[in-house]
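Trainee: Pasting a structure below so you can have a look.
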Amino acid sequence: MRFKNARLLSFRVVLMLAVAAGVYVRLSPVWSADFPLVDGALFHVMAREIAQNNFALPQTTGYNAADVPFAYPPLALYFAALLHHLGLDTLVVLRWLPALVSVATLAVFWRFAREVLRSRGAAAWALLVFALLPYSFDWYIVGGGLTRATGFFFSLLALHAFFRLITREKTTTSDFVWAVLALDATLLTHPTMSWFAVTGILLMTLALAQTPRAKRNIVLAGSLSV
C-alpha cells in the first residue's frame, strides 16, 4: 500500500510539475512583452481584411501594398477575424492566442501519451519533456504562432483520433467524426502541420494497422477528410 501511494504521489508531482513548467515557459515571455513576439504582421493584416470583407475571403491582401494572393489556409485567420469583429484588437489576439493555444496543446499531448504509453507515470514524464522541449513551443507563442500553434494543436488531435481508429477493437461514429474534423481543421490551418499530421498517420498505419478493420477505418476516415 505504501509503495502504491508513493507511486501515486510521484505521478502527481511529475504531472503538476509538467503542467506548471509548460504553462510558465509559454506564457511568461508573452506576459513580459506588450506586443506580439517576433512576427505575425501578415496575419494581423489578413485577419483584419477578412473581418472588413464581411468574412468573405479577399482575392489579395494589401500587406506591404504588394497585392499578395490571399492563398493561405484561413481557419486560424477566421478565429482572429471573429475576435476582432467582437471588439478584441488583433494585436492583442496575436499576442495572447498563440500562447494560450500552445498551453492547450499540453492537454492534447497528455491524452495522446496516456493512450499510447498506457501508463500514467510514463505519460507524465513524457509530458514533462514535451512541456520543456523548445521546439514544442518557441515558434508557437510568437505572433505568427496564430497559425502554427493552432495547426499543431489540431494535428495532435488528428494523430490521437487516428491512433484510436487504428488500435481500438471497436470504433464508434464519434471516433470517425473526431478524426475527420481534426484532420480537416489541420488542413485548413497550416500547410506544414498538415504534412506533419498526414505523415504521422501514414507511419502509424504502416506500423500499427495489422488488421483489415484498422485499414478500412483509416481509408474511410482519410477519404472523408479530403
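Rundown of residues vs (1) in contact with an Asp or Glu (Cβ under 8 Å, 6 or more places away or on another chain); (2) within 30 Å of Ser32 (Cα to Cα), yes/no style:
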position	(1), (2)
Ala107	no, yes
Leu128	no, yes
Ser136	no, yes
Phe154	no, yes
Ala161	yes, no
Asp175	no, no
Trp178	no, no
Ala182	no, no
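Trainee: Mind listing just one residue for me: the one in the stretch 208-226 that is at pLDDT below 85 and open to solvent by 90 Å² or more (accessible area, probe 1.4 Å) and, of those, farthest from the chain's Cα centre (by Cα)?
Mentor: Gln210
Trainee: Also: Out of the stretch 100-144, which residues are over 28 Å from Phe176 (Cα atoms), part of a helix (DSSP H, G or I) and open to solvent by less than 10 Å² (accessible area, probe 1.4 Å)?
Mentor: Ala131
Trainee: Which residue is most open to solvent (accessible area, probe 1.4 Å), if the candidates are limited to the stretch 176-202 and must be farther than 23 Å from Tyr72 by Cβ and without any contact (Cβ under 8 Å) to a residue 24 or more places away in the chain?
Mentor: Trp178
Trainee: Looking at (1) under 15 Å from the mean Cα position of the chain (by Cα); (2) in a helix (DSSP H, G or I); (3) not acidic (Asp, Glu), can you tell me which one Thr189 breaks?
Mentor: Exception for Thr189: condition (2).
Trainee: So which pairs qualify, if the first residue must be in the stretch 67-79 and assigned to a loop (DSSP other than H, G, I, E, B), the second must be not aliphatic (A, V, I, L, M), the Cβ gap must be under 7 Å, and the two must be at least 6 apart or on different chains?
Mentor: Pairs found: Asp67/Thr60; Phe70/Pro58; Phe70/Gln59; Phe70/Thr60; Phe70/Thr61; Pro73/Thr189; Pro73/His190; Pro73/Pro191.
Trainee: For Thr205, all conditions in the list (1) open to solvent by 60 Å² or more (accessible area, probe 1.4 Å); (2) in a helix (DSSP H, G or I); (3) farther than 21 Å from Tyr78 by Cα; (4) polar (S, T, N, Q) hold save one; what is the number of the exception?
Mentor: (1)
Trainee: Moving on. Collect the residues in the stretch 81-123 that are free of Cβ contacts under 8 Å to residues at least 40 places away in the same chain and acidic (Asp, Glu), keeping them in residue-number order.
Mentor: Hit for the stretch 81-123 is Asp89, nothing else.
The values are calculated or read from the model by the stated rules, or taken from the named source; none is laboratory data. Owing to the predicted nature of the structure, the values given are computational and were not obtained by experimental measurement. Counting neighbours? That spans all protein chains shown, and the Cβs are built from the backbone with ideal geometry, glycine included. Calculation scope for accessible area: heavy atoms of the full protein, side chains included, ligands and nucleic acids excluded. Shrake-Rupley method; radii C 1.70, N 1.55, O 1.52, S 1.80 Å.
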